[in-house]
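Derivation of every value follows stated rules applied to the coordinates shown; laboratory data play no part. Computed from a prediction, not measured in an experiment: that's the story for all the values here. Positions of Cβ are backbone-derived with ideal geometry, glycine not excepted, and every protein chain shown enters the neighbour counts.
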Amino acid sequence: MLYVVKYSGPFGFIKPWTAVRDSETYSQQFLTPSIVAGIERKLFPELLQSDDGEIKKVVGHRLSYKQISQQQEQIQPRGWNEKGTRKNRTFERPYAILVRGVLVEPILFLAFEQKPDAEAASEQHICLCRNEDILYPDEAILEVSRVEFDSNEELFSGFELVFERNKQSFLVGYNRFKENQSMYGFIKVVGNPVERNY
């Protein structure tokens, strides 16, 4: 039996891994192991005591959204550029524009094996990727079987990166707590993750 908490928000939320320029590299619509581990540490800060980067309590997740809105953002690099002659020297930080993908009205399901974990999670908000991207929990905790969570396309549609290594898996990051050990996963798509009823 799984205990599932639904999180949602009426706003736009920065898409995972979208620090790269989406106009050059189209980043993904799924949560990486480090993002799920970060959400888990926010919900259960006691896991920070002996953190090894592994996911301990979240046994599944599902992310869907209505659309991706491309937003422009003005940025400046951290460093300074030196210009001019020895006597007339100036320093500047040039501006640049990057395009960030924003998830509009995302819905995230987090599945737990223990009911107390789901109850604790259902009383807190989470941050999808950056601190300002807040999702709020529904009060009801759904009790479903693993089969229903993986097959009910109407209720649990979405993208999920399954953190396993098999023939379908690809490299999704490195665990900095374990000497940068490679992390792998494969994408599971249930139902229609992009709801087009807007």
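Computed values, structure above
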read-out	value
Gain upon complete extension [Phe44, Leu171; 0.36 nm per residue less C-alpha separation]	43.0 nm
The chain: most fluctuating residue of Asn180, Asn81, Asn152 per GNM, C-alpha cutoff 10 Å	Asn81
Cα centre as origin, Lys/Arg/Asp/Glu Cβ charges: the chain dipole, Debye	1340
Karplus 3J(HN,Hα) series, Hz, for region 114-126 with 6.51 cos²θ - 1.76 cosθ + 1.60 (x for Gly, Pro)	9, 4, x, 5, 5, 5, 5, 5, 6, 9, 10, 7, 10
Gyration tensor (alpha-carbon) shape descriptor, region 47-86, a/c threshold 1.5	oblate
Hz values of 3J(HN,Hα) by residue in region 46-59 - Karplus curve (6.51, -1.76, 1.60), Gly and Pro given as x	5, 5, 6, 4, 10, 6, 10, x, 7, 8, 9, 10, 7, 9
Nearest-ten-degree value, helix 33-43 long axis tilted from longest Cα axis of the chain	70
Value of [θ]222 nm, deg cm²/dmol, for the chain, DSSP H segments ≥ 4, -39500 (n - 2.57) each, nearest 500	-3000 deg cm²/dmol
Fluctuation leader among Val59, Val147, Val104 - the chain, Gaussian network, Cα springs under 10 angstrom	Val147
Mean Cβ count within 10 Å, highest first, over the residues of peptides 87-96, 133-142	133-142, 87-96
Residue among Val99, Val194, Gln114 farthest towards the positive dipole end of region 52-198, charges placed on Cβ	Val99
Given charges at Cβ of Lys, Arg, Asp, Glu: the chain dipole, positive-most of Val36, Thr90, Gly158	Thr90
Selection from Leu135, Ser182, Phe149, by position along the positive dipole direction of region 120-187 (Cβ)	Ser182
Extended-chain gain in nm, criterion 0.36 nm per residue less alpha-carbon gap, Ile141 and Phe91	12.4 nm
Nearest-0.05 FRET efficiency for Asn192 and Gln71, computed from C-beta distance (R0 22 Å)	0.40
